[in-house]
Every structure is written in structure tokens, then in C-alpha cells.
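Participant: The structure follows.
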Amino acid sequence: MGLGIRNEGFASLTPEWETLTTSSVSDTVLATPTWLAAWWSSCASTEELHLLSVRDGDDLLGVAPFMRSSKTILFVGRSDTCDHHDVTIAKGREEEVLRSLADHLESL
């Protein structure tokens, strides 16, 4: 069985995401749920949040902070306020998480 992908919200995902961030290669302030939630609440306008969690059962392996603007999927944040965009992934699980996300995004 493959990895599961859920569309979640900042409030429900933040505690697990913070833990994952500290053990990920994406351990930068601009990839934290605190930064991205603040950006979302103050800067998002017509975009639709696609905060995707990638799980192996209940274990969080990755978080992809995306938003949909019209027919385009983008990272949460814009290049004028965020100079770094990334998917947070558990070390050693990068390939399978990215493959699952790619498959999921193709289906949107």
C-alpha cells in the first residue's frame, strides 16, 4: 500500500509539522508552520489552501504547503515575501514522498 495524502489545516497539522521540520533538511524559518500560517492569514486573498500531509499510516512523513491560484498550484507564500519554498520531508523518505506528491498533483 502506498503513502496517504490528506489536505489538512494549519491548526491540526502544526504540532506534528514542527517536529518534522526540526529533523528535516528543510529546517529554515520560511518552511515552518508558524511562518507559513502567518503569511497565509495576512497575505492570501483568493487562493485555495492545499496543505498536503503525506503519511505512512498515522506517521507524518512530509508536508507540502501549496495553494491553488486559478488553475495553478503554487507554494504558500510569494517570492516577494518568501525567498525559500520547500516541502518538508523526513530524512531518508524524500524519494517516495516526492513521488506520492507528484502522483497526487497530477490528479488535481
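Participant: I want to confirm something. Restricting to the range 24-57 and keeping residues that are of a type in the set (A, V, I, L, M, F, W, C) and over 13 Å from the mean Cα position of the chain (by Cα), which single residue is modelled with the highest pLDDT? Quick ask: steps written out before the conclusion?
Facilitator: Initially, the range 24-57 is screened for residues of a type in the set (A, V, I, L, M, F, W, C), giving 25, 29-31, 35-40, 43-44, 49, 51-52, 54.
Those still in the list that are over 13 Å from the mean Cα position of the chain (by Cα) too: 25, 29, 38-39, 43-44.
Working: Val25: 80, Val29: 79, Ala38: 91, Trp39: 87, Cys43: 86, Ala44: 80.
Looking at residues that are of a type in the set (A, V, I, L, M, F, W, C) and over 13 Å from the mean Cα position of the chain (by Cα), I get Ala38.
Participant: So, Gly2, is that one touching a helix residue (DSSP H, G or I) at 6+ places or on another chain (Cβ under 9 Å) and loosely packed, with under 13 Cβ neighbours inside 10 Å or not?
Facilitator: Answer is yes for this residue.
Participant: Can you name the condition, by its number, that Ala31 falls short on among (1) touching a Pro at 6+ places or on another chain (Cβ under 9 Å); (2) in contact (Cβ under 8 Å) with a residue 60 or more places away in the chain; (3) among the small types (Gly, Ala, Ser)?
Facilitator: Status for Ala31: all satisfied but (2).
Participant: What strands (runs of 3 or more DSSP E), lying completely within the chain, carry at least 1 residues that are basic (Lys, Arg)? So that I can check it myself, show each step before the final result.
Facilitator: Numbers: elements: 4-8, 48-56, 59-69, 72-75.
Correct list: 4-8, 48-56, 59-69.
Participant: Looking at Ala44, Ala11, Ala38, can you tell me which residue is open to solvent by less than 60 Å² (accessible area, probe 1.4 Å), of a type in the set (Gly, Ala, Ser), free of Cβ contacts under 8 Å to residues at least 12 places away in the same chain and out of contact with any strand residue (DSSP E or B) (no Cβ under 6 Å at 6 or more places or on another chain)? Give the steps one after another, and end with the answer.
Facilitator: Working: Ala44 fails: free of Cβ contacts under 8 Å to residues at least 12 places away in the same chain; Ala11 fails: open to solvent by less than 60 Å² (accessible area, probe 1.4 Å).
The conditions single out Ala38.
The values are calculated or read from the model by the stated rules, or taken from the named source; none is laboratory data. Worth saying up front: this structure is predicted, and the values here are computed from it rather than measured. In this analysis, Cβ positions are derived from the backbone assuming ideal geometry, glycine residues included, and neighbour counts consider all displayed protein chains. These area figures cover heavy atoms from the full protein model, side chains too; ligands, DNA and RNA do not enter into them. Shrake-Rupley method; radii C 1.70, N 1.55, O 1.52, S 1.80 Å.
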